[in-house]
Structures are given as structure tokens and as C-alpha cells.
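Everything on this sheet refers to the single structure shown next.
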């Protein structure tokens with residue numbers, strides 16, 4: 001899965017269609033997408049098969065976005081499971097910029113998160129630091 005991009009669009013007919021068509025015309029395949037709108041704005045979180053071209057298309061269209069490596073976390077599939085995760089990050093001052101459910105198991109949910117402070121989020125959630133992951137790959 002590619003790197004998550006969280007894009008901000010006007011919440012009106014055709015906005016998401018313009019972005020998805022522009023990506024398709026450049027040969028970019030969307031792998032995952034989730035979105036929501038409220039009021040005049042909508043946000044979508046997407047991953048594609050070509051991060052470089054996705055970035056180029058979004059810049060070329062003047063679409064505001066944030067990007068970053070996703071943290072992959074697993075939370076209990078029960079009331080309060082996601083609340084506990086998000087409260088830990090909030091208490092540590094970490095802002096979640098994107099969230100996407102990427103899988104389910106019998107008793108848990110797998111999620112991909114983008115955040116404004118990945119190192120702090122990894123520390124708070126007990127995930128290995130980024131440099132530790134580089135040596136494993």
C-alpha cells in the first residue's frame with residue numbers, strides 16, 4: 001500500500017470526480033479511499049500505486065493535502081477500543097490527520113493513521129521508532 005494522502009476539497013458535486021479522473025489520466029491507480037464532508041469542505045484519505053505521480057497531480061491541481069507514512073495499529077473491536085487509541089494520542093498532543101480501517105480480525109480492527117508527530121505517536125503507542133524499522137526492511 002502506498003503512502004496516505006489526506007486531501008481537502010470543496011464539498012460540492014464533481015470535486016472528487018475531478019481528482020480521481022486526473023489521477024486516472026496520469027495512470028495512477030487508487031488503492032484505498034475514504035472521505036467525509038461537512039459544511040463547505042470535504043476531506044478524503046487515499047493511497048495509490050504511485051506516490052510521486054499522486055503528489056505531482058495534486059500539486060498541479062492546487063489541491064491542499066498532507067501526506068506521511070502511515071502508522072499501522074491494531075485495536076480491540078469493542079466499544080471504546082478506538083476511543084482509547086485516540087485519547088492516548090490526544091493526551092500526548094499528537095493530532096490525527098487521517099484514519100482508515102484497513103482490515104478486521106475476529107476480535108480486532110487494523111487501522112492506518114497519519115499524524116502530525118510520527119515519532120511521538122510511535123512512542124506513546126509503543127511502536128518501534130522509524131530508524132528501527134529501516135534496519136528490519
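Every number in this text was worked out from the coordinates using simple rules, so none of it is lab data. Because the structure is a prediction, the values reported are computed rather than measured. A quick note on method: Cβ atoms are made from the backbone with ideal geometry, for glycine too, and the neighbour counts reach across all protein chains shown.
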Anything in the stretch 49-75 that is in a helix (DSSP H, G or I) and in contact with a helix residue (DSSP H, G or I) (Cβ under 7 Å, 6 or more places away or on another chain)? List them, or say none. 54, 57, 61
For the structure I just gave you, tell me whether residue 46 is in a loop (DSSP other than H, G, I, E, B) and surrounded by 14 or more Cβ atoms within 10 Å (Cβ to Cβ). no
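When you go through 83, 121 one by one, which is the residue that is part of a helix (DSSP H, G or I) and touching a helix residue (DSSP H, G or I) at 6+ places or on another chain (Cβ under 7 Å)?
None of the others qualify; the one that does is 121.
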Hits in the stretch 1-40 (condition: in a strand (DSSP E or B) and over 18 Å from residue 64 (Cβ atoms)): 30, 31, 32
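Checking the condition in contact with a strand residue (DSSP E or B) (Cβ under 9 Å, 6 or more places away or on another chain) and either under 22 Å from residue 7 (Cβ atoms) or buried (at least 16 other Cβ atoms within 10 Å of the Cβ) (or both), which residue from 107, 114 passes?
Criteria check complete, one pass: 114.
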Look at residue 101 and say whether it is exposed (fewer than 15 other Cβ atoms within 10 Å of the Cβ) and either at positive phi or in a strand (DSSP E or B) (or both). yes
